[in-house]
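Every read-out reported here was derived from the displayed coordinates using simple, explicitly stated rules and does not represent laboratory data. Please read all numbers here as calculations on a predicted model, not as lab measurements. Cβ placement follows ideal geometry from the backbone for every residue including glycine, while neighbour counts extend to all protein chains displayed.
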Ligand code: ACM
Ligand code: ZN
């Protein structure tokens with residue numbers, strides 16, 4: 001029996017040794033956290049919340065001293081690594097603060113109807129970046145839904161939430177300096193009704209605290225220079241033509257983008273990014289950079305002036321100049337810039353991290369140039385694409401079945417060892433043009449997220465599609481008990497959620 005059939009953990013742990021017997025189910029469990037180490041982290045409430053969400057007939061008591069489940073400190077294990085020891089008498093999760101959370105996720109998943117199988121798990125991730133993106137512009141989702149996704153990320157031992165906060169169809173983060181963004185840019189006219197919403201600074205703080213408890217980094221994205229119609233609707237003077245604009249109610253790529261020639265554009269974006277930098281504690285800020293038509297720039301006197309002044313040969317170089325300027329600004333705020341792979345066009349800003357979405361070539365090029373890269377190609381990582389060829393299958397454009405996601409290897413084989421070390425990891429994207437409800441969004445995301453989690457956590461050579469499928473069968477019960485909607489890979493007849 002292969003190790004992958006002995007348990008239903010997704011992603012597959014590095015080592016799993018079966019023990020003797022079981023820690024038998026009891027309806028009341030005590031949890032304690034060993035004091036010590038340099039952190040005051042306390043994962044006991046998180047674990048208690050996850051376990052009681054899974055089994056509503058369970059109560060957990062947080063205690064000090066002897067307990068059923070003990071979190072024990074270790075300074076030897078690497079960041080996010082953990083050890084899980086389950087015997088018939090006690091359960092022990094050993095690690096640092098983030099290892100505790102990964103171990104708590106594994107323990108939540110391992111629960112069977114009559115308790116926990118005795119075992120010893122030693123585990124650590126393959127990739128440092130294990131991400132999920134969420135587009136809240138095309139549809140706005142209240143924070144209780146965002147939290148559901150963050151829980152999914154954490155339960156699958158992933159660690160990054162990329163929050164796509166602005167786009168043509170809506171600006172979703174309130175900015176103190178520009179109240180018009182929440183008043184105007186967050187709303188679009190849909191059949192005569194105002195449709196949209198935005199997150200307040202308090203909402204953002206609530207999400208950040210929720211993510212921090214789960215040791216998930218949150219990466220905000222503020223799109224520029226393209227995908228800017230929502231912002232331009234409130235601030236038309238930041239465009240090349242002066243408007244008039246409306247927050248878009250249709251999908252697509254729009255010609256009206258931020259003017260790269262006007263200083264007011266940079267004054268605006270720098271104020272926005274200053275607030276974003278002080279709100280989000282993480283090291284990364286994503287500035288988009290994708291799908292920016294150069295139509296307006298070509299006929300804008302200000303943009304053409306800028307090109308002459310800066311000695312830029314074409315509009316691609318103007319975009320590179322734009323993005324580089326923002327990169328320097330972010331760097332002066334102690335932040336590192338990420339952009340979609342179009343930021344390679346016209347010259348890659350020196351400090352940028354590249355997110356490779358148009359296939360893998362952007363990632364290859366950037367890694368060879370010595371930049372960090374995150375792989376997120378449309379061929380494997382776009383969860384807005386349909387999951388099957390079934391005629392009623394919801395989704396966009398292409399088809400990305402579960403097996404395709406599972407088969408992805410984030411490190412392009414073209415890279416030598418040095419360039420390969422630049423691949424931070426992998427991320428899937430949830431673009432929501434066709435996901436007006438959260439239920440449908442979960443259906444599109446699951447179980448593909450489970451496959452992606454394994455791609456991100458497990459060395460490529462240890463993956464096994466048959467083993468994954470077998471574990472997934474059990475895992476679907478877990479998802480169901482946790483209250484998630486998913487696409488059952490085998491069910492012939494489907495009811496598509498709206
Ligand atoms: C993208 O899908 N436009 C990054
Ligand atoms: Zn212009």
Separation in nanometres of the label points that stand 7 Å from Cα toward Cβ, at residue 241 and residue 61: 7.0
Would you calculate a helix-derived [θ] at 222 nm for the chain, using -39,500 (n - 2.57) for each DSSP H run of n ≥ 4 and dividing by the full residue count, to the nearest 500? -9500 deg cm²/dmol
Using a 10 Å cut-off around each Cβ, can you sort 227, 474 from fewest to most neighbouring Cβ atoms? 474, 227
At a Förster distance of 30 Å, what's the computed FRET efficiency of residue 469 paired with residue 250, Cβ-Cβ distance as r, to 0.05? 0.15
Based on other C-beta atoms within 10 Å, arrange 102, 308, 471 from fewest to most. 308, 471, 102
Mark the label point 7 Å from the Cα of residue 279 along Cα→Cβ and return the residues of segment 148-169 whose backbone N is within less than 17 Å of it. 161-169
So what's the gap between the Cα centers of segment 258-272 and segment 185-206, to the nearest angstrom? 23
Take residue 409 and residue 299, extend 7 Å from each Cα along the Cα→Cβ direction, and tell me the distance between the two endpoints in nm. 4.9
Want the number for residue 421 to residue 15: 0.36 nm per residue separation, take away the alpha-carbon distance, what's left? 143.8 nm
Just to be sure I understand the model, the point goes 7 Å from the Cα along the line to the Cβ. What's the resulting residue 317 to residue 361 distance in nm? 2.2
Measure nothing fancy, just the Cα-based angle from helix 97-110's long axis to the longest principal axis of the chain, in degrees from 0 to 90, nearest 10. 60
Taking only Cα atoms, what is the 0 to 90° angle, nearest 10, from helix 263-279's long axis to the longest principal axis of the chain? 20
Give me 184, 93, 399 ranked fewest to most by other Cβ atoms within 10 Å of their Cβ, as a rough exposure proxy. 399, 184, 93
Alpha carbon centroid spacing (whole Å) that separates segment 275-294 from segment 301-346: 14
Using Cα atoms only, what is the angle between the long axis of helix 143-155 and the major principal axis of the chain, expressed in degrees (0 to 90) to the nearest 10? 50
